[in-house]
Structure formats: structure tokens, C-alpha cells
């Protein structure tokens, strides 16, 4: 991959990383804010109506799930940035062929070419 392409991906990954960090901070703030409002350590909302309590619980669990997902994605972006630094970004980790630019644009943290990813997904099921 040419240096100009790597530089462009470095910027795209940095921008995406900043977006994910903001989203993760927001989710974390919501999780901690609820805990503070309702009595500390991991406490959840206490509604007066059972339906409201169920909705509050669902929202809390959804927020935790989103935070976890964003955290894993942030890790993958960091790994992508490391691959840029060590010169392996854009190369499939299985077969060492070039990952298509369109795939990398669509999925900045792609570590496998489309063929290897499809094989991996087939093997999982």
C-alpha cells in the first residue's frame, strides 16, 4: 500500500477512534450517572410501575451492551493503527494478500481479506 493511502487511513482511523471515544464516554456517563442517582455501586433505576421498571432495566442493559461493543471496536481500531505502524495494515492476516481498498474503506479495522473472512464465517456455523 502506498504511503499516501496509509496516511489517509491513519487519518480515517484517528477520526473514527475519536468518534468512538465520544460515544463510549457518553455511554459510560449514562451508566455511572444512573448508579449515582440510585444509591451507588451499579444500582439501577427504581420505577414505581413494573412496566417502567422493565423499560429502565432494558435501557440500562442496552447501554452496557453498547459500551462493551464500542470498547471492543476501539481496541480493534487501536490494533489497526498498530498494523499501520508496523507495515502490515491492508494485508490479510491469514493469507497475506492485499485486502481490497473498498473493504478497508468500509471496515477500517478489517484484518482479513473478503475470501478469508467468508471462510471464517462459514467455519463458525
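Among the residues of region 111-125, those that are free of Cβ contacts under 8 Å to residues at least 24 places away in the same chain, surrounded by 13 or more Cβ atoms within 10 Å (Cβ to Cβ) and outside any helix (DSSP H, G or I) comprise 112, 113. If you take the residues of region 54-90 that are touching a residue at least 24 places away in the same chain (Cβ under 8 Å) and not in a helix (DSSP H, G or I), which of them is surrounded by the most Cβ atoms within 10 Å (Cβ to Cβ)? Applying the filter and picking the extreme gives 89.
The residues in region 21-53 that are more than 30 Å from residue 78 (Cα to Cα), surrounded by 11 or more Cβ atoms within 10 Å (Cβ to Cβ) and modelled with pLDDT of 55 or more can be counted, and the count is 4.
The values are calculated or read from the model by the stated rules, or taken from the named source; none is laboratory data. Please read these numbers as outputs of a predicted model, since none were measured by experiment. A quick note on method: Cβ atoms are made from the backbone with ideal geometry, for glycine too, and the neighbour counts reach across all protein chains shown.
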